[in-house]
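J.: My questions will all concern the structure given below.
Nothing in this text is a laboratory measurement; each read-out follows from the coordinates by a stated rule. Note that the structure is a prediction, hence the values are computed from the model and not measured. Here Cβ is always computed from backbone atoms with ideal geometry, including for glycine, and neighbour counts include all displayed protein chains.
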Amino acid sequence: MVLEPPDQEDKKTSWDLFPWKDFPDYTQSQRCASTSSLIWQFGYDIEKSDDDTKRRWVCKVCVDSRRPNPHSATSSGTQNAEIHLWNDHKVCDPFGRRKPPSKAKEKTPSRNIAEMMKLNTRDAREQQIANQIIGRFDRLVFQSLGSLVDHQQQLFFLT
């Protein structure tokens, strides 16, 4: 489904549908500069009534679909709004100036020493063993041993 940006007439009437109860102390933004980014065509620009530097982008697609909590993001950067538009609504730049945001590669969670040695820390004896190993662990020694192994492997392949 490809969503088209709303025209200016729709934009004016859409403020009537805006869920102001979800954004107390906010008003329509009084921004002077034009907003050329794609996200502003699919969102509302609001600002804190007592501090015009506190501005937010609120997803118009979420508001139009009457989501209970429409997505909003600070307006200081557009990346969060772009990611939301792509992930939730499959909206990206139709002119191809910006590619759809890609998902960040998930990091492999680091395991702790107790997990690596398969120690059951609910058992008092194994918990004590894990604490002794952790207490004696020296990261600098471990790193130097790791670099020594790497160095030896390189020498092995050179000969």
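J.: Looking at this model, which pairs from LYS21/LYS60; LYS60/LYS90; LYS21/LYS48; LYS54/LYS99 are more than 22 angstrom apart at the alpha-carbon?
T.: The pairs that break the limit, which is 22 Å between Cα atoms, are LYS54/LYS99.
J.: Report the local net charge at CYS92: Lys and Arg +1, Asp and Glu -1, summed over other residues whose C-beta lies under 11 Å from its C-beta. Please report the intermediate quantities before stating the final value.
T.: Numbers: positive: LYS90, ARG97, ARG98, LYS99; negative: GLU82, ASP93.
Surrounding charge for CYS92 is +2.
J.: A further question on this structure: Sequence-distant or interchain residues sharing an amide H contact under 5 Å with ASP93, placed H: which?
T.: Under 5 Å from the amide H of ASP93: ARG98.
J.: FRET efficiency for ILE83 and LYS48, Cβ-Cβ distance as r, R0 = 22 Å, nearest 0.05?
T.: The pair ILE83/LYS48 has a calculated efficiency of 0.40.
J.: What order do you get for TYR44, TYR26 when you list them from fewest to most C-beta neighbours inside 10 Å?
T.: On the way: TYR44 23, TYR26 19.
Listing TYR44, TYR26 from fewest to most nearby Cβ atoms yields TYR26, TYR44.
J.: Would you please give the residues with an amide H less than 5 Å from that of TYR26, counting only those at least 5 places away or on a separate chain, with H modeled from the backbone geometry?
T.: When sequence neighbours closer than 5 places are left aside, the close amide H contacts are SER49.
J.: Next up: Between THR74 and VAL141, what is 0.36 nm times their sequence separation minus the Cα-Cα distance? Round to one decimal in nm.
T.: On the way: separation 67, 0.36 × 67 = 24.12 nm, distance 4.44 nm.
Result: 19.7 nm gained on full extension.
J.: Only counting other Cβ atoms within 10 Å, I'd like HIS89, HIS151 sorted with the fewest neighbours first.
T.: Starting with the residue having the fewest Cβ neighbours, the order is HIS151, HIS89.
J.: Distance in nm between label sites at PHE23 and SER65, each 7 Å beyond Cα in the beta-carbon direction?
T.: 1.8
J.: Further question: Please rank CYS59, CYS92, fewest neighbouring Cβ atoms within 10 Å first, as an exposure proxy.
T.: Values: CYS59 23, CYS92 17.
Neighbour counts put them in this order, fewest first: CYS92, CYS59.
J.: If you plug each phi of region 37-43 into the Karplus form 6.51 cos²θ - 1.76 cosθ + 1.60 with θ = phi - 60°, what whole-Hz ³J(HN,Hα) values come out, in order, with x for Gly and Pro?
T.: Once θ is set to phi - 60°, the couplings for region 37-43 become 5, 4, 4, 6, 6, 10, x Hz.
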